[in-house]
Amino acid sequence: MKRAGATLAVSLIVSMVVVACASMSGGGRDLVARGLQAQGGPEALASVKTISQKATVRYWEPEQSAVAGGEMVFANESAVEMVTDVSARASRLDWVRKVEYPAPRTYTFSEIVTAEAGYVAGIDSGGRNKQSQESNPPAHSMSGLRLAASQRELLRASPLLLLEMSRNPDRVTGAPDITVGGVRYPTVAYRAAEQQQMLVAFDPATALPARVRTLDYDNIWGDVSYDAVLGDYQIVQGVKVARSVKYELDGRTVADARVTEVAVNAPVAADRLQIPAAFREGAAAPATRNVPYQWVLRRQFIGLYLDSDVPSFDRRATASLRLNELGPGIQHVVGGSHNSLVVEMKDSLVVFDAPVSDWQSNWTLSAIRAKYLNKPVKYLVLTHHHMDHAGGLRAYAASGAILVVGKGTAEHYRRVLAAPYTRNPDLAPRDLSRTQIVEIADRYAIVDGRREVQVFAVDPNPHAQGLLIGYVPDVKLGFVTDIWSPSPAPLPDKLNPAMAALVASVKKAGIQPAKFAGGHGATADYAPLAALE
């Protein structure tokens, strides 16, 4: 009797899948049906109740390179153990993440991702939000942005993706083939969630999913493709599971995951997948629009992600960015993870750095237009090319600003400004390729009869080619990013290489700053730093 009941249940599942596949249009129906069969058949996939995996993952970050447009930096190597309860729609990931860039550090933490909320136990970032800092032991609920990104990436690499697609035929449509390396991959589009579409490309020889692509926005390169490249399929209890998953950003491998162990239908204790009540209450639902996926994912690669529903600042700690006046006509844009400096000239404004996104740039532009009666930003000085300090450059270029950049970087910025950015949620597309760019070899002065702003190269330095600092002589104020983050905190006993590069550059420039404002941090007196030499 039990066997008859089981047979009936399997028959019903197969019938449901067949009906679902039959209702898909064109190639989508055939491709998904063949893919399901290639993975082991719909009944085998439908019988999967839990999945347990162990993997090692290596990550690289392309936009923290030492040279603009140059070789990616190695970010971290991680070990992860993941369990998924299919019916509960919940996963737990236990991480040991050994970060190499920007500085060696190990983060040991766990994530729980459910359909409704997400949770992080432990310290997973150097950019901790207020809830994490105030919790004992450290923990926080995920932002809606991170939850949406986590859900997308778990589904992208799931061996049950095709089964979900077959059960949601109204979300499946045909799509143009994807061609990579001369090979054409038949492709279907799947709308996994609101404004979240995946392109699933199938191996023409095996019918197995070969690539799962999303079309993302990158704050430097604009419109980009992000692919999970699936390979090394092996059979686990009748189901073919990819044991190799490489992630490619416009063809460059930024993550390489190797699954070392897989188990299907192993028992999973329910409490391991439960978010504590104190963190579940009030937790954000998954964001449904304008998710900056590349920012959310790749800031985690380097262990500096600020988990907030506004990438520029922690919503639990502050309501907004703000202008902090440092002197007559001098505003420090603070309140978030990254700062700018605004200097008022006679007829225009000079801004140092365009961090994070065009959303932050639009906020800054709006705030300083109101403050300075619509004076235009004539110059945007970019201290260096890294994505977190140059990611909002398009808003300034669109407003007509001249870019001032370091030696050897102008061509990089020309390529950036020529790239399409139709997926940018904060800026309407327009032609920015004619933006004027001034490249500085050593020093540059901006003078308008009322005030002078000076810009100097920091060469050599251990952080980035073409790094610049700023100086406003009449208030003896400097601006520096990354090689020193001025703050009230005590200085180290001696200069590190980055700080030493700043001190050497100040000497070479012959300037006498009383204070420095930072691209991170706040402001601080310069003399104590110089005294450490």
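The values are calculated or read from the model by the stated rules, or taken from the named source; none is laboratory data. Remember, predicted model here, so these are calculated numbers, not experimental data. Positions of Cβ are generated from backbone atoms using ideal geometry, with glycine treated the same way; all protein chains shown enter the neighbour counts. For the accessible areas, the whole protein counts, side chains as well, though only heavy atoms, and no ligand, DNA or RNA atoms are used. Shrake-Rupley method; radii C 1.70, N 1.55, O 1.52, S 1.80 Å.
A few remarks follow.
- Straight-distance candidates among the aspartates and glutamates for linking to K407, with alpha-carbon spacing under 13 Å and chain neighbours fewer than 8 residues away dropped: E439, D442, D459.
- Loop-located GluC sites (Glu not before Pro) across the range 129-194 with a Cβ neighbour count of 13 or fewer within 10 Å are E194, with loop assigned by DSSP.
- Set of the range 303-334 residues, backbone N closer than 20 Å to the point 7 Å along the Cα-Cβ line of D474: 324-333
- With all pairs of separate Cα atoms included, the range 220-328 yields a Kirkwood hydrodynamic radius of 18.5 Å.
- Helical runs assigned H by DSSP (4 residues or longer) give the chain a calculated mean residue ellipticity at 222 nm of -7000 deg cm²/dmol, each run adding -39500 (n - 2.57) before division by the residue total.
- An oblate overall shape is assigned to the range 346-469, the ratio a/c of its alpha-carbon gyration tensor axes (a ≥ b ≥ c) being 1.5 or greater and a/b not exceeding b/c.
- Shape index of the range 398-529: Rg/Rh, with Rg the Cα radius of gyration and Rh the Kirkwood radius from the inverse mean 1/r over Cα pairs, equals 1.02.
- Highest average packing first - 231-244, 479-492, 335-348, Cβ atoms within 10 Å: 335-348, 479-492, 231-244
- Prolate/oblate/rounded label for the range 66-167 (Cα gyration tensor, a/c 1.5): oblate
- Sequence-distant aspartates and glutamates (8 or more away, or on other chains) whose Cα lies within less than 19 Å of K49: E81, D85, E164, E261, D271
- Annotation: aspartates and glutamates with alpha-carbon distance below 13 angstrom to K246 (same-chain offsets under eight excluded): E153, D227, D232, D256.
- In degrees, nearest ten, helix 26-38 long axis to first principal axis of the chain (Cα): 70 degrees
- Per-pair calculated FRET efficiency, R0 = 22 Å: N290 and R191 via Cβ, rounded to 0.05: 0.85
- Net charge contributed by nearby residues that have their C-beta within less than 13 Å of G518 (K/R +1, D/E -1): -2
- In a fully extended conformation the segment linking I235 and E325 would gain 26.1 nm over its present Cα-Cα distance, using 0.36 nm per residue.
- Percent RCO, i.e. relative contact order, over the range 285-355, from Cα pairs under 8 Å lying at least 6 residues apart: 16 percent
- Nearest 10 degrees, 0 to 90: helix 358-371 Cα axis against the chain principal axis: 40 degrees
- Accessible area (Å², 1.4 Å probe, nearest 10) - L532: 50 Å²
- Solvent-free Debye scattering, log10 I(q)/I(0), computed from the Cα coordinates of the chain at q = 0.08 Å⁻¹: -0.57
- Electrostatic dipole magnitude of the chain [Cβ: Lys, Arg +1; Asp, Glu -1; Cα centre; debye, to 20]: 600 debye
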